[in-house]
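Trainee: Can you read through this structure? Questions will come right after.
Every read-out reported here was derived from the displayed coordinates using simple, explicitly stated rules and does not represent laboratory data. This structure is a prediction, so every number in the text was calculated from the model and none was measured. All Cβ positions, glycine included, derive from the backbone under ideal geometry; neighbour counts span all protein chains shown.
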Amino acid sequence: MAIYSFQARSISGQISQGKIEARDEADARIKLRAKQLIPVKLTVLMQKKTDNDIEQAIKSLFEQKIKSKDLQIFTRQFATLINAGIPIADSLRILSEGALNKLLKETLIQIRASIDVGRRLSDSMAQHPRVFDRLYCNMVQAGEEAGIIDTILIRLSSYLEKSEKTKNQVRGALVMPGVIIAVAFIVVSGIVMFIIPKFQGFYASSGKALPGLTQMLVDFSNLLRNHWFLIIVAIASSVASVIYYINTTEGRKQFDIFLINAPLFGDVVQKSSVARMSRTLSTLLSSGIGLIEAIEIASRTAGNHVIEKSLAACKESVMIGKPFNVPLSKQKEIPAMVAQMVAVGEQSGTIDTMLSKVADFYEDEVENAVKAMTSLIEPLLMVFLGGIIAFVLIAMYLPIFNLGDTMG
């Protein structure tokens, strides 16, 4: 938990200041939204450590979440019902009755109850950040104010579909390396655990000292067989610790920095984050949300802390009247083409269209980068796997070869 100092703007445009207690900045913004306030600036005054902090962090690892596909389908169906003239509350009832995801079903029931007592749809959705993020709620609010909520929902559905496609491409690039590494681990473990012990009797009967390579393999086999439980516990604990750390704010930042700078993977991660950032900005701007607020939202939803930080650095310059492309061109993590396209969009008054073209370009680039990376990394991993197995086999049969030479 933390205490934040905030500046916020009311619906009438009046600026107010105050303090608010929240789990994190996103939670603070949701609470302000629920009070009909649009956050302008948030500053951490004090971090409060509670006994439940670790418990909440661990709980977040296992709590039910909604799949992007489920949210996309709901959004498309919701838009269809609204476009057909069915009231929002009735649409939510229909969709909640047909929802298969338990979390989504319960959320829709609660949102409908909130609407029944007079709250707006966007404010009701903001109370459920596990399902509807800030981008979603802001776009729904823009749709409510402009009277085009069905159109906004269609845009949201399209946005979710394209974002999910990009994420799946990145995940797909990581699947094959993971499979090959897992196979290598299983094969080598099987050889070391079950085959090497059968050779040990033969090695002992020869009465000769084992080559260093073979002795190292035998020692490793004995270590695994005698302490396999402790090794499994140590590996599981290490993995759990890493996952827990990545789920913390600082851990997420460090992991994102590692990803975007990683050999081979870094290029894919950067392009996918730029594509997501551009798609988010385009979708928000085309929905009538102002540039400053769109930048602020996109700077928290790009999917990578490095890109989000670069985009957030542009906000202050835009607030004092500089064209968006000026600070954007100074961010080394964001390709120069993005700033150039934004400059063209600002001059022609079509910045949302230009950003959509940027998103299209980088979504295609992600697909191409994934194919290029896969074609490069698969042979390397196969060579790595073959090298490990060759090492084990040579170490196993080296004493036999030496014995044959001696007898010869």
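Trainee: How tilted is helix 336-348 with respect to the longest principal axis of the chain? Cα atoms for both, answer in degrees (0 to 90, nearest 10).
Mentor: Between the helix axis and the principal axis of the chain, the angle is about 10 degrees.
Trainee: Could you tell me, in Å, what Rg and Dmax come out for the Cα atoms of the stretch 266-362?
Mentor: 11.7, 34
Trainee: What is the angle, in °, between the Cα long axis of helix 102-116 and the longest principal axis of the Cα atoms in the chain? Nearest 10 is fine, range 0 to 90.
Mentor: That helix lies at roughly 10 degrees to the long axis.
Trainee: Among Ile186, Gly212, Ile257, whose Cα projects farthest towards the positive end of the dipole of the chain, with charges put on the beta-carbon of Lys, Arg (+1) and Asp, Glu (-1)?
Mentor: Ile257
Trainee: Dimensions of the chain along principal axes (Cα, Å, largest first)?
Mentor: 96, 46, 46
Trainee: So what's the projected area for the stretch 337-408, the Cα convex hull averaged over all directions, in nm²? The partial results should precede the final answer.
Mentor: Values: hull surface 28.0 nm².
Across all orientations, the stretch 337-408 yields a mean hull projection of 7.0 nm².
Trainee: A follow-up question, please. Could you work out the relative contact order of the stretch 68-132, using alpha carbon pairs under 8 angstrom and six or more residues apart, expressed as a whole percent?
Mentor: On the way: 40 pairs, mean separation 15.8, N = 65.
With pairs under 8 Å counted, the relative contact order is 24 percent.
Trainee: Could you tell me the relative contact order of the chain? Use alpha-carbon pairs under 8 Å, at least six residues apart, and round to a whole percent. It would help to have the intermediate numbers written out before the result.
Mentor: Details: 453 pairs, mean separation 57.0, N = 408.
With pairs under 8 Å counted, the relative contact order is 14 percent.
Trainee: While we're here: Plugging the Kirkwood radius over Cα pairs into Stokes-Einstein for the stretch 68-132, at a temperature of 37 °C and a viscosity of 0.692 mPa s, what D comes out in µm²/s?
Mentor: Details: Rh = 11.8 Å.
In µm²/s, the coefficient rounds to 279.
Trainee: Against the longest alpha carbon principal axis of the chain, how many degrees, from 0 to 90 and to the nearest 10, is the axis of helix 265-286 turned?
Mentor: Result, in degrees: 10.
Trainee: Tell me what the chain gives for mean residue ellipticity at 222 nm when only DSSP H runs of n ≥ 4 count, each as -39,500 (n - 2.57), the sum divided by the residue total, rounded to 500 deg cm²/dmol.
Mentor: Details: 18 runs with 300 residues, N = 408.
That calculation yields -24500 deg cm²/dmol at 222 nm.
Trainee: Go from 0 up to the bin containing the longest alpha carbon distance in the stretch 307-365, width 5 Å each, and give me the % of pairs per bin.
Mentor: 4, 20, 26, 30, 15, 3, 1
Trainee: Take Val326, project a point 7 Å from its Cα along the Cβ direction, then tell me which residues of the stretch 265-303 have their backbone nitrogen under 17 Å from it.
Mentor: Flagged as within label range: 291-292.
Trainee: Please compute P(r) over all alpha-carbon pairs of the stretch 232-293, binned at 5 Å starting from zero, and give each bin as a whole-number percent.
Mentor: That works out to 3, 16, 13, 14, 16, 15, 11, 5, 3, 2, 1, in percent per bin.
Trainee: Still on this structure: Evaluate E = 1/(1 + (r/R0)^6) for Lys65 and Phe194, where r is the Cβ-Cβ distance and R0 equals 41 Å; express this FRET efficiency to the nearest 0.05.
Mentor: Numbers: r = 40 Å, r/R0 = 0.96.
Efficiency, rounded to the nearest 0.05: 0.55.
Trainee: If you average the C-alpha positions of the stretch 175-209 and of the stretch 234-268 separately, how far apart do those two centres end up, in angstrom?
Mentor: If you average the Cα positions of each part, the centres end up 30 Å apart.
Trainee: So for the stretch 86-174, considering every pair of alpha-carbon atoms, how many percent are separated by more than 14 Å?
Mentor: Working: 2730 of 3916 pairs.
I get 70 percent for the Cα pairs in the stretch 86-174 exceeding 14 Å.
Trainee: For the stretch 259-362, which trypsin sites (Lys or Arg not before Pro) are in a loop by DSSP, counting at most 10 other Cβ atoms within 10 Å? All intermediate terms of the calculation are to be shown ahead of the outcome.
Mentor: Numbers: sites: Lys271, Arg276, Arg279, Arg300, Lys309, Lys315, Lys330, Lys332, Lys357; in loops: Arg300, Lys330, Lys332.
The qualifying sites are Lys332.
Trainee: Also, quick follow-up: Over the Cα atoms of the stretch 199-358, what radius of gyration and what Dmax do you get, in Å?
Mentor: Looking at the stretch 199-358, its Cα Rg and Dmax stand at 26.1, 86 Å.
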